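Read the structure below first, then the notes.
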Amino acid sequence: MSDEVPKTQDLIKSIIANKTPAASWMDTPTVIRPGMYCYSAKAKPLNILGMPHGREWTPDADDWSLPENWMEILSEGLRDRLDRFRSLKVFMDICVRCGACADKCHYFIGTGDPKNMPVLRAELLRSVYRKEYTVAGKILGKLVGARPMTAEVLKEWWYYLFQCSECRRCSVFCPYGIDTAEITILGRELLNLLGLNIDWIATPVSNCYRTGNHLGIQPHAFKDMIDFFVDDIEEITGVRVNPSFNRKGAEILFITPSGDVFADPGTYTAMGYLILFHYLESMGLDITWSTYASEGGNFGLFTSHEMMKRLNAKMYAEAKRLGVKWILGGECGHMWRVIQQYMGTMNGPADFLETPVSPLTGTKFQNAASTKMVHITEFTADLIKHNKLKMDTSRNDNLKVTFHDSCNPARAMGLFEEPRFVIKNTCKNFYEMPESTIKEQTFCCGSGSGLNAGENLELRMRGGLPRANAVKYVHEKHGVNMLATICAIDRAALPPLMDYWVPGVSVTGVHELVGNALILPGEKQRETDLRGEPLPGMEDE
Amino acid sequence: MSALWGLLKKNRDSIVAIWREATLDTYPTDASNFLKKSKDPFHNPVGKRISQGLAEAFDILADQGETARITPFLDDVIRMRAVQDFSPSQALGFIYLLKGIIWEQIKKDAAKLADSPDWRELDAKIDGMALLGMDIYNTCKEKIYTMRVHEVKNQCYNALKKSNLIVAIEDMPDDQDGSLQ
């Protein structure tokens, strides 16, 4: 080695040719990179929904085929929403850019891209708002953080508003209570005025509107799938469960995300529900599934307030049609944000239903007095508390479990203890991840709010790094091999995340653990769990 | 231990600190300040993995350990950079930075070592580390692509199966000698 060795700084310059310059974010151009974005919405699903400007366009093309008067549409759309949503007006004005939220976003932490700081993501909109609505912005422009709307700014909005999973972790840390997720929601609503949705959201919304679930599954196929589970349960337990569908006069309607019915490992959670309901039937549970309200999820939340309301309404329309008293909801994430935070005033209060009462324990769920909808972990935790379930927890002895708080049940409804109570009563090995990564501070899976596509895997892996990093910690420290969660998107998104960052950790729903442990009257000696894998001690059978 | 390896150990802390700083400088300025300052391993996994990974990798290098032992520490760093906004050369360039950093840190004391064969060994070890890095980077990218393909294959297979359009081999009955009937 000699003096000719290049200096470190020269090497940095040559190696890192396109290192982001230390320029203001406004002067840093946005590069739309493959792996980071989802495919654009096609014309057909938008047309079916009656949404405007459906067309074929691609995010990496220069020309997005925008309608001629797109600036006018956007400006009018923003004006309209500033009038209608006081939160938006307040959030546009009160941020003092203190930076408390800056390093709280999992996408920023995982990508290092400053425009993924919640404050900057919101600034993308605020800068345009300032230019149009504030005197200082109109006169001083860039000096006060204002800029005019351009096609480049629009593309930047699209790119970064679909890099926010609306998880609301940042809002926990904002001293003013600014909820950046609401800014994202309204920003996406504005983009939808120009037909600028993503396919992973628009198609499920359209499917849900047509057939009742995200996948476009028709009622007979929905029933067929449940029948498959019935066969599997019989094979594993020797007991044939007998669920009912669309049964008028049932006391309770059960609604869960379609992911539980159609995507592993959610399917094992669905088997857990079926086993639980069968167990309780002889004790007085009167419950029905619906092949029409066959989706708990609501991708309308990721599209517009109107679309969220439209999709939410079908669940209650079905409850009314069947004449049930209340609704039991499955392990879903954002369904519970819609129910807990919007339903009461959006389509409710659901006065035609009754405040839910558990027919097994007599517990009245006053927390659901407006929506009449109870989370299944609340329901099951109550059963366990009242000693209503006979379980053989040794069937889960091979599992070392940790719990991922799904963003919406955690931050939108404060559901922390019930799922943990159920897990601890079905498994003996439970280990918490570090406090700063769970409960209200939980890290997102990185794929929420409709971003769980295949084409944006790099974004998902980066965004999921903080969550995976905490799982890796308990995996290495305690040998954790199972990540439990109560969200269908988590159950779909976390397996590849674990596969990439923490191989050796599988993903389960909480009611899969219940289904394994519950002792059904008349069951044979089980040799396998619901996945068909040998139970502890049965490996050589 | 020859003088060069001794110098590496003597200057270990400054070399590792500058290597870490230079690697974190490959992130956008606004982010690198956070990545450098936050010590919480759960709040700042990128900073933590880089700090820990580079320190461990350097220690093995300075101990003249087997390059392969560096794998898990390099993996921690490269697994992130393989999915971040870096081209392959940018993702792995931090390894080559080590050559210049070492030289700058020890050159005052290294004048007498100009002809030492240990330089060639050090050079080869860092090159070896870079080659190992290429393997890791490629493994990570292959993993991403494989996951993507699996996702599509599973969707197609499940759709066919649920539509009762296929009968899986494992669902077919066997005769006594195990062949299909």
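Bear in mind that the values in this text are calculations on the coordinates, not laboratory data. Quick caveat, the model's predicted, so the values are computed rather than measured. Neighbour counts run over all protein chains shown; Cβ positions are idealised from the backbone, glycine included.
Would you work out the relative contact order for segment B:1-147, in percent, from Cα pairs under 8 angstrom that are 6 or more residues apart? Walk me through the intermediate numbers first.
Details: 122 pairs, mean separation 44.5, N = 147.
About 30 percent, as a whole number.
Take the cross-link list A:K44/B:K143; A:K89/A:K115; A:K248/A:K524 and give me the ones stretching past 29 Å between alpha-carbons. Going by Cα-Cα distance, A:K44/B:K143; A:K248/A:K524 fall outside the 29 Å limit.
3J(HN,Hα) couplings calculated from phi for segment B:140-152 with the Karplus curve 6.51 cos²θ - 1.76 cosθ + 1.60 (θ = phi - 60°) are, in sequence order, 5, 5, 4, 4, 4, 5, 5, 4, 5, 5, 4, 4, 5 Hz; Gly and Pro show x.
I'd like the antiparallel share, as a percent to the nearest 5, of DSSP beta bridges with both residues in segment A:203-517.
Counting only bridges with both partners in segment A:203-517, antiparallel ones make up about 5 percent.
Of the beta bridges in the protein assembly as shown, as assigned by DSSP with both residues counted there, near 20 percent are antiparallel. This ranking places A:D113, B:D40 by how few other beta-carbon atoms lie within 10 Å of each, fewest first, which gives B:D40, A:D113.
How high is the relative contact order of chain A, in percent, counting Cα pairs under 8 Å that sit 6 or more residues apart?
Values: 985 pairs, mean separation 87.7, N = 541.
The value is 16 percent.
In whole percent, what relative contact order does segment A:24-197 give with Cα contacts below 8 Å and a gap of six or more residues? The value is 27 percent.
Taking neighbour counts of Cβ atoms within 10 Å as a proxy for exposure, in what order, fewest first, do A:T437, A:T28, A:T508 appear? Let's see the in-between values first.
On the way: A:T437 21, A:T28 17, A:T508 27.
So the ranking, lowest neighbour count to highest, is A:T28, A:T437, A:T508.
In terms of distances greater than 30 angstrom between alpha carbons, the cross-link table entries A:K138/B:K37; B:K10/B:K48; A:K400/B:K125 yield A:K138/B:K37; A:K400/B:K125. Rg of the Cα atoms in segment A:352-421, relative to 2.2 N^0.38 Å, amounts to 1.28.
Overall, the anisotropy analysis places chain B in the prolate class: the square-rooted eigenvalues a ≥ b ≥ c of its C-alpha gyration tensor yield a/c not less than 1.5, with a/b exceeding b/c. In chain A, the DSSP-assigned H stretches of four residues or longer account for a calculated mean residue ellipticity at 222 nm of -13000 deg cm²/dmol, using -39500 (n - 2.57) per stretch and the full residue count as denominator. Of the trypsin sites (Lys or Arg not before Pro) found in segment A:450-541, those that fall in a DSSP loop while having at most 12 other beta-carbon atoms within 10 Å are A:K524.
Between A:S506 and A:M482, A:L483, the built amide H atoms are under 5 Å apart, and every one of these is 5 or more places off in sequence or on another chain.
Of all aspartates and glutamates in the structure, the ones whose alpha carbon falls short of 18 Å from that of B:K107, not counting any fewer than 8 places away in one chain, are A:D3, A:E4, A:D10, B:D13, B:D115, B:D118, B:E121, B:D123. 3J(HN,Hα) along segment A:195-207: x, 9, 9, 10, 5, 5, 9, 4, 5, x, 4, 5, 4 Hz, from the Karplus curve 6.51 cos²θ - 1.76 cosθ + 1.60 with θ = phi - 60°, whole Hz, x for Gly and Pro.
Close amide H partners of A:T528, meaning residues 5 or more places away or on another chain with modelled amide H under 5 Å apart, are A:L535. Cross-linked pairs A:K472/B:K36; A:K104/A:K309; B:K112/B:K141; A:K325/B:K153; A:K364/A:K439; A:K385/A:K439: Cα-Cα separations exceed 32 Å for B:K112/B:K141; A:K325/B:K153. Helix A:305-322 axis versus longest C-alpha principal axis of chain A: approximately 10°, rounded to the nearest ten. Each residue of segment B:48-65 is assigned a 3J(HN,Hα), and the resulting list reads 5, 5, 5, 4, 5, x, 5, 4, 5, 4, 5, 4, 5, 4, 5, 7, 6, x Hz, derived from the Karplus form 6.51 cos²θ - 1.76 cosθ + 1.60 (θ = phi - 60°), x at Gly and Pro.
Determine, at each q value in 0.13 (inverse angstroms), the log₁₀ of I(q)/I(0) that the Debye formula gives when each Cα of chain A is one equal point scatterer. At q = 0.13 Å⁻¹ the computed log10 ratios are -1.30. Label-to-label distance, B:T139 versus B:A68, with points set 7 angstrom from Cα along the beta-carbon direction: 1.2 nm.
Look at A:E455, A:E189 and count the other Cβ atoms within 10 Å of each Cβ; fewest to most, that gives A:E455, A:E189.
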